[in-house]
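To start, the structure under review is shown below, and the notes come after it.
The values are calculated or read from the model by the stated rules, or taken from the named source; none is laboratory data. Given the structure is predicted, the values throughout are model-derived calculations rather than measurements. Here the Cβ positions follow ideal geometry from the backbone for every residue, glycine too, while neighbour counts run over all protein chains shown.
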2 protein chains.
Amino acid sequence: MIKDREESLNMDEGEIDIQNRVIIFDTTLRDGEQSPGAALNVSEKVELAHKLEEMGIDVIEAGFPVSSPGDFRAVQQISREIRDCVVCGLTRAHRKDIDAAAAALEDAARPRIHTGLGVSDSHIFHKLRTTREEALERGVEAVKYARRFVDDVQYYAEDAGRADPEYLYRVLEAVITAGATVVNIPDTTGYTSPGEFGALIRSIVENVPNVDRATISVHCHNDLGMATANTLAGLLNGARQVEVTVNGIGERAGNCSLEEVVMALRTRQDLFGLRTGVDTRRIYPVSRLVSTLTGIPVQPNKAIVGANAFAHSSGIHQDGVLKERTTYEIIDPRDIGVPDSEIILSARSGRAGLRHRLTELGYTLDDDQFEKVYGRFLEVADKKKTVDTRDLEAIVNDEARVFFDETYHLEQVQVSCGDRSIPTATVHIRGPDGQSICDADHGTGPVDAVCRAIDRVIGESNELTEFSVQAVTEGIDAVGSVTIRIQAEDPVRENGNERRVFSGRGSDTDIVVASAKAYMFALNRLIAARREAERLAKT
Amino acid sequence: MIKDREESLNMDEGEIDIQNRVIIFDTTLRDGEQSPGAALNVSEKVELAHKLEEMGIDVIEAGFPVSSPGDFRAVQQISREIRDCVVCGLTRAHRKDIDAAAAALEDAARPRIHTGLGVSDSHIFHKLRTTREEALERGVEAVKYARRFVDDVQYYAEDAGRADPEYLYRVLEAVITAGATVVNIPDTTGYTSPGEFGALIRSIVENVPNVDRATISVHCHNDLGMATANTLAGLLNGARQVEVTVNGIGERAGNCSLEEVVMALRTRQDLFGLRTGVDTRRIYPVSRLVSTLTGIPVQPNKAIVGANAFAHSSGIHQDGVLKERTTYEIIDPRDIGVPDSEIILSARSGRAGLRHRLTELGYTLDDDQFEKVYGRFLEVADKKKTVDTRDLEAIVNDEARVFFDETYHLEQVQVSCGDRSIPTATVHIRGPDGQSICDADHGTGPVDAVCRAIDRVIGESNELTEFSVQAVTEGIDAVGSVTIRIQAEDPVRENGNERRVFSGRGSDTDIVVASAKAYMFALNRLIAARREAERLAKT
């Protein structure tokens, strides 16, 4: 269960104390991806998995293999490429699910199957329509079955908070006997408190006879704003694995936030006495990457990684005067990998200057990607003279982080609008056959007009469900990033599942051009997904 | 200390249990307003104060009177208009501060002065450069002095978490003896945990001999994502006042969130056994109002009031099938005042239909405001045929929530842009002398071009520090809301303070027109503030 990560930056040689090592189980790609509108494709998930591995995450929950071919392929591909982390696949307590997970995890160096069942009477009687004993048996069987394929099996006791305690203890004892190496105690409703949840974990430690043979994991939701506190209460009472997502993304009010737990443990060593294997300097770059790929912005006042959170602490360091110095380690932005935003580039920086800065910022690009980024860099430098860190992030996101093939290419867009005009847009688009098509349309505004013009060329009926612009803070001529989400009228069908929502992003100093790019991105992504689904249906 | 709010919707007649009544101390207008870019003017603060009063807040911390004439006037005006809530003014432990607060609170029905001092050695030695005994004396003197003016004095023990406990107890005992009615224990660094903070409050209850003569208050920050949990831990250990802000706004990662605490207490009555005087159906409208006036958006996954938080729960009610029913009260969106978003209006709805819907949504407009809103409503209805709840909110925000006089009026804007064009804008602006001025300029994009064109007319040098668009979710032809923040080159000077940052908002189906409106709003606000400062300087 414990990874051999002695070389981890947070642990001294010879000082490994297994009792004080917390396992970080990241479920950004599974529970986090259930955030409304977050949908990632396989390549994006693989990219994120690599970054999580570099960061020192212990376990990556890569997906729910039986749920869709896309999820299956993601778990499979991640299993093939990730070598250090445990790779985990979620299942219900059904043989079919476990078969799918086992198959997807086949090439993993360190596979884990995550199965489980409800343990509250409400779940057992109403959801599963069975008895306590039968449910217990089902859980045991699932664990035994999973153990045929892998040595590492995690068991979730769904709705543990409302279960009859004695029954819960019996279930946990039985599944551990059957071979579960980790038992996951979730706060399913998101309404527990640290005192209550800590007591639950404590009672499990005290009442499950063989609990020392497994690791206790906690999985908290943030409906009352207490996910982090509840998770830490679990650790204080004997849990040693925490289930988290980057930026706390997830359904409703989200999951427990990875960066909050990691930094709470680090800054309050005196209180918790626990360590993780995470390289905290990767926190900020990974936070940005997740935000970019999911299209979910990080609010300015997000703890740890929000713009206001670290802007203030840099103020403390810039001042000569000591403000609130503290015996606790104040979070230095450099501790979490926030780049020095003072560095500005211009066209004169050239390839070498750009390459150097990109490396500093933690981006790794192949030659092809670099050339695309360099080309955009020159365009932006030409328009606004200086190119700062935010502009670079937007350019890299556009040119080097696209994980599907573009079918239609936007060659030109022209718009006129105003409060007494009829907003009108003309677009020039090159199709898959190499033909350039030009068309125009009007709308209620320039963005509406440009999307309608694009629709006239591409003809993919959809409804826009979200349009947002990442706040620009570097001056009005800065590169703005637009995120668009569409709901396709004609969904992509995979294995009985329908996928309708597709997100797109685009950036430019011109917000209307950025919107056009974002809309094209979403449509191209939809078209690529449909083509892939059709290809799979034939195999 | 306890308000006579027997008629409060959350308390039954004859069942008032003072021991179980939690006082809500709202500091949105003081600590919350310190959020980067939040700056509210006096009229906006007064508007918010009225809404907080209607909501059942017990204490409104209206400002820091000695800090600026603007703050002084806000506390003064709120004192004059608010009748039910306690109105509170912040001070340092200086006579000058207390004099200012007393003067500002002069007309309040229920005034409170909030003073205090550091209690940690770090604060005493390095910040105050004095001794423990002298600091204690200073604190006692401040309370005695404040008691000359008001009967209700709150004392903050800054950095209590790092104070020598015995010293802390002595300070609290001394200030209560001197007449403090409330003692405020803040988590100054934002790094405490529920266990640690709860123990601190418990130790105060157990070690301060006269603590039963005062209410213990807690004031938590969210740097590690635990403000709500720490606050509730304080309540579980004997505190009976909580200091919160709407939407959890504030510096860095923000303050403890009002809606999270109130709804945690309400949904987990079984756990906490405590009540507030808050009408929870006001939570959502007040959240929206604070977001609008401060220009700080609420992220989709914000607990309680985020769009994802209540969208999901409405899904549970729409399904015939029971999903996760629970013995806890699931938060029904109607419980927190989320309007039924299904209602759509059109031009045919007429004045009557619009008036009815606005009342349903909780807006109160005078005739003048209603006519402006109706005019905009017809424009939008003409463009996009249907007008939904979000569109209405944007229209009301533009037309009925402007709390300063407009100097320059935008009469027309015309723009052309595109990736091969030079973005160009022409604007027609009517100035204070009634003259219409027309000018044009180019830029790196349409928004940049329109701002430069406006600059040519108005000539108020500034730098744009933020440009953001509220996510539009109702279709691409929906009304989009833009927020802009500018930093004036020539600051507004008041009483030795310099104010540079001004925010503006604007909405339209055309994002470029909305941006132009937002920029004009910010400039007009700046000009009005400068004019007001000059007027005061002459008096």
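Applying the set (1) within 14 Å of chain B (Cβ to nearest Cβ); (2) farther than 16 Å from A:Asn230 by Cα to A:Gly195 leaves exactly one unmet item: (2). None of B:Arg390, B:Arg401 is assigned to a helix (DSSP H, G or I), touching a residue at least 60 places away in the same chain (Cβ under 8 Å) and of a type outside the set (Val, Ile, Thr) except B:Arg390. Looking only at region B:114-152, residues that are farther than 20 Å from B:Thr188 by Cα, under 30 Å from the mean Cα position of the chain (by Cα) and among the aliphatic types (A, V, I, L, M) come to 4 in all. I'd like the residue in region B:496-528 that is in a strand (DSSP E or B) and either modelled with pLDDT of 95 or more or among the hydroxyl-bearing types (Ser, Thr, Tyr) (or both) and, out of all such residues, is farthest from B:Ala38 (Cα to Cα). By that ranking, first place goes to B:Ser507. Residue count for region A:486-504, restricted to those that are crowded, with 24+ Cβ neighbours inside 10 Å and within 14 Å of another protein chain (Cβ to nearest Cβ): 1.
Before we move on, is B:Ser481 among the small types (Gly, Ala, Ser), in contact with a helix residue (DSSP H, G or I) (Cβ under 8 Å, 6 or more places away or on another chain) and part of a helix (DSSP H, G or I)? In short, no. Of the residues A:Gly56, A:Gly118, the single one that is closer than 28 Å to A:Gly254 by Cβ, surrounded by 24 or more Cβ atoms within 10 Å (Cβ to Cβ) and in contact with a Leu (Cβ under 8 Å, 6 or more places away or on another chain) is A:Gly118. Could you go through region A:290-312 and let me know if any residue there is farther than 26 Å from A:Val482 by Cβ, assigned to a helix (DSSP H, G or I) and within 11 Å of chain B (Cβ to nearest Cβ). Looking for residues that are farther than 26 Å from A:Val482 by Cβ, assigned to a helix (DSSP H, G or I) and within 11 Å of chain B (Cβ to nearest Cβ), one finds at least one in region A:290-312, hence yes. The C-beta contact set for region A:214-231 (first residue in contact (Cβ under 8 Å) with a residue 12 or more places away in the chain, second residue among the aromatic types (Phe, Trp, Tyr) and part of a strand (DSSP E or B), distance under 8 angstrom, 6+ apart or interchain) comprises A:Ser217/A:Phe25; A:His219/A:Tyr156.
Of everything in region B:212-232 that's more than 7 Å from chain A (Cβ to nearest Cβ) and either part of a helix (DSSP H, G or I) or of a type in the set (Lys, Arg) (or both), which residue is surrounded by the fewest Cβ atoms within 10 Å (Cβ to Cβ)? If we take residues in region B:212-232 being more than 7 Å from chain A (Cβ to nearest Cβ) and either part of a helix (DSSP H, G or I) or of a type in the set (Lys, Arg) (or both), then B:Asp212 is surrounded by the fewest Cβ atoms within 10 Å (Cβ to Cβ).
Scanning region B:363-380 for residues that are within 14 Å of chain A (Cβ to nearest Cβ) and modelled with pLDDT of 90 or more yields B:Gly375, B:Arg376. With the structure loaded, tell me whether A:Tyr363 is over 24 Å from the mean Cα position of the chain (by Cα) and without any contact (Cβ under 8 Å) to a residue 60 or more places away in the chain or whether it fails that test. No. Scanning region B:247-279 for residues that are free of Cβ contacts under 8 Å to residues at least 60 places away in the same chain and surrounded by fewer than 21 Cβ atoms within 10 Å (Cβ to Cβ) yields a count of 4. Within region A:164-191, the set of residues being modelled with pLDDT of 95 or more and in a loop (DSSP other than H, G, I, E, B) comprises A:Asp164, A:Gly179, A:Ala180, A:Thr181. Return a yes/no flag: does region A:434-457 have any residue that is in a strand (DSSP E or B), within 30 Å of A:Glu534 (Cβ to Cβ), facing another protein chain (nearest Cβ under 9 Å) and of a type outside the set (Asp, Glu). Scanning region A:434-457 turns up no residue that is in a strand (DSSP E or B), within 30 Å of A:Glu534 (Cβ to Cβ), facing another protein chain (nearest Cβ under 9 Å) and of a type outside the set (Asp, Glu). Taking the criterion of being more than 8 Å from chain A (Cβ to nearest Cβ) and at positive phi, the only residue of region B:458-475 that qualifies is B:Gly459. Within region B:147-159, residues that are more than 17 Å from B:Cys220 (Cβ to Cβ) and among the aliphatic types (A, V, I, L, M) reach partners that are part of a strand (DSSP E or B) and at pLDDT 95 or above with beta carbons closer than 8 Å, at six or more positions or on different chains, in the pairs B:Val150/B:Pro111; B:Val150/B:Arg112; B:Val150/B:Ile113; B:Val153/B:Arg112; B:Val153/B:Ile113; B:Val153/B:His114; B:Val153/B:Thr115; B:Val153/B:Val182.
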